[in-house]
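A.B. asks: Got a structure for you, written out below as structure tokens; questions coming shortly.
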């Protein structure tokens with residue numbers, strides 16, 4: 001493993017990396033940083049949790065100088081990822097005297113305008129708010145030397161291609177384009193061919209047919225209705241997760257799970273699109289600082305870099321192997337070990353098989369002691385959704401939406417299609 005001190009980096013940047021705990025480069029950093037420093041456009045594919053943020057922030061900071069002009073713009077799909085990237089950039093900026101700001105929907109645009117007017121070197125933001133600031137004449141990209149698309153495949157999934165094309169028309173012809181992605185669909189190559197120099201470099205870290213890290217153990221059980229909560233509590237009692245993200249399909253389910261965990265005396269917070277941005281930021285900060293459980297929708301499945309997550313619990317099975325991969329990738333980051341536990345409905349046996357096949361994994365069925373929790377106290381104002389007063393409830397009912405009716409894009413992503421009034 002290569003040391004940052006062995007790379008052609010400025011002394012203050014090496015010192016900054018050391019101060020934030022970075023001395024040895026990961027595989028993606030070791031390969032990408034020299035390539036970016038050479039001046040080439042690049043597509044970098046690497047699994048989540050491998051250190052991609054430093055792989056583009058470090059060479060950008062090596063290459064730009066302190067000024068009042070925006071020299072780099074980093075486009076990300078979600079508000080949370082914008083804050084995460086900017087947090088790392090800010091840490092290095094304290095020692096390199098380079099200023100970073102974030103721009104995203106759900107926060108005061110006037111505060112963001114003021115930050116831009118004071119002068120910044122690096123802008124990290126979501127497509128919708130970036131476009132708004134460009135159209136207002138506040139964010140000028142004439143001096144941009146670097147454009148980074150982080151989680152590029154996620155932005156494809158969310159329909160941001162037109163937005164990205166528009167933003168790129170506002171940047172100089174001569175610039176360095178960097179695409180970072182966990183997967184490499186053909187559309188990514190298409191973006192590269194449209195916007196990059198023909199000799200762009202492709203850096204592939206790891207094998208694409210092994211999308212799930214091998215240090216995660218995978219397990220499951222079958223349950224329905226109220227039994228799902230009993231299975232959840234039984235798993236927590238038996239395996240005692242130290243730091244755990246619990247994924248549900250909807251905001252409503254997340255709220256119920258959170259209430260039940262708190263009623264059991266467990267330390268838990270919520271993260272979903274129904275919360276204000278301030279509450280979401282508070283939840284993330286609390287989880288990073290030591291809260292044991294975070295109950296979340298798919299808003300937390302991509303891009304968030306939270307250290308030492310030991311367990312992922314899928315209260316609702318993800319609808320595709322692709323979603324499963326990105327959920328469980330929140331654990332076992334940077335080579336650490338982790339556990340993933342999924343509660344499948346009785347009618348989801350085929351889904352389990354599909355996930356095993358497509359993710360190239362094998363899940364172990366757990367026999368949990370659920371009897372102890374079958375009569376747990378359901379919050380009274382929620383119980384009528386489960387057949388009333390302690391019944392098991394039935395089927396999907398009002399509690400469990402049919403596939404295709406989930407609130408996956410529940411205003412979670414801090415941006416959207418251009419010309420839509422609800423893009424933030």
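What follows draws every value from the coordinates through simple rules; no lab data is involved. What you see is a predicted model; the values in this text were computed from it and never measured. Neighbour counts run over all protein chains shown; Cβ positions are idealised from the backbone, glycine included.
A.B. asks: Any chance you could run the full-extension gain for residue 94 through residue 266? It's 0.36 nm times the residue separation minus the Cα-Cα distance, nm to one decimal. Spell out each step's value before the answer.
C.D. replies: On the way: separation 172, 0.36 × 172 = 61.92 nm, distance 3.72 nm.
Here the answer is 58.2 nm.
A.B. asks: Can I ask one more? Any idea what % of Cα-Cα pairs in region 65-135 are farther than 17 Å?
C.D. replies: On the way: 897 of 2485 pairs.
Percentage above 17 Å: 36.
A.B. asks: Within 10 Å, count the other beta carbons around each residue, average over each peptide in 360-366, 124-130, and list them highest first.
C.D. replies: Values: 360-366: 13.9, 124-130: 27.1.
Highest-to-lowest ranking by the protection proxy: 124-130, 360-366.
A.B. asks: Normalised by the residues of region 4-204, what does the relative contact order come to in percent, with Cα pairs under 8 Å and at least six apart?
C.D. replies: Value for region 4-204: 28 percent.
A.B. asks: Then there's this: Output needed: percent of Cα pairs per 10 Å distance bin for region 247-332, bins running from 0 to the one holding the longest distance.
C.D. replies: Bin by bin from 0 Å, the calculated values are 18, 55, 27, 1.
A.B. asks: So, one more: Using the count of nearby Cβ atoms within 10 Å as a rough guide to exposure, how do 356, 12, 80 rank from fewest to most?
C.D. replies: On the way: 356 16, 12 13, 80 26.
If I rank by nearby Cβ atoms, fewest first, I get 12, 356, 80.
A.B. asks: Moving on to the next point. Let me understand region 216-386 better: what is its radius of gyration from the alpha carbons, and its Dmax, in angstrom?
C.D. replies: Rg then Dmax for region 216-386, in Å: 15.0, 44.
A.B. asks: Right, another one. So between residue 40 and residue 354, what do we pick up on full extension, going 0.36 nm a residue minus the alpha carbon distance?
C.D. replies: Working: separation 314, 0.36 × 314 = 113.04 nm, distance 3.90 nm.
So the extension gain works out to 109.1 nm.
A.B. asks: Still on this structure, please answer the following. Per residue, how big is the convex hull around the C-alpha atoms of region 109-173? Give it to me in cubic angstrom, could you?
C.D. replies: On the way: hull volume 5.8 nm³, N = 65.
Hull volume normalised by residue count: 90 Å³.
A.B. asks: Can you give the direction-averaged projected area of the convex hull of the alpha-carbon atoms in region 1-124, in nm²? Intermediate values should be presented prior to the final figure.
C.D. replies: Numbers: hull surface 30.3 nm².
One quarter of the hull surface, i.e. the mean projection, equals 7.6 nm².
A.B. asks: Simple spin-label model, 7 Å along Cα-to-Cβ: residue 240 to residue 23 in nm?
C.D. replies: 3.2 nm
A.B. asks: Sticking with this one: Got a sec? Which residues in region 111-133 would a label at residue 169 touch, if it sits 7 Å along Cα→Cβ and we count backbone N under 18 Å?
C.D. replies: Backbone N within reach: 127-133.
A.B. asks: Using per-residue counts of other Cβ atoms within 10 Å, averaged over each peptide, order 225-232, 184-191 from highest down.
C.D. replies: Details: 225-232: 22.5, 184-191: 14.8.
Descending packing order for the listed peptides: 225-232, 184-191.
A.B. asks: Using Cβ counts within 10 Å as a stand-in for footprinting exposure, how do 238, 197 rank, fewest first? Intermediate values should be presented prior to the final figure.
C.D. replies: Values: 238 10, 197 13.
Going from least to most buried by this count: 238, 197.
A.B. asks: A further question follows. At residue 113 and residue 134, where each label point lies 7 Å from the Cα along Cα→Cβ, what is the point-to-point distance in nanometres?
C.D. replies: Reported label-point gap for residue 113 and residue 134 is 1.9 nm.
A.B. asks: Let me ask another. How do 357, 166 line up, fewest other C-beta atoms within 10 Å first? Don't jump to the answer; show the numbers that get you there.
C.D. replies: Values: 357 10, 166 15.
Fewest-to-most ranking of 357, 166: 357, 166.
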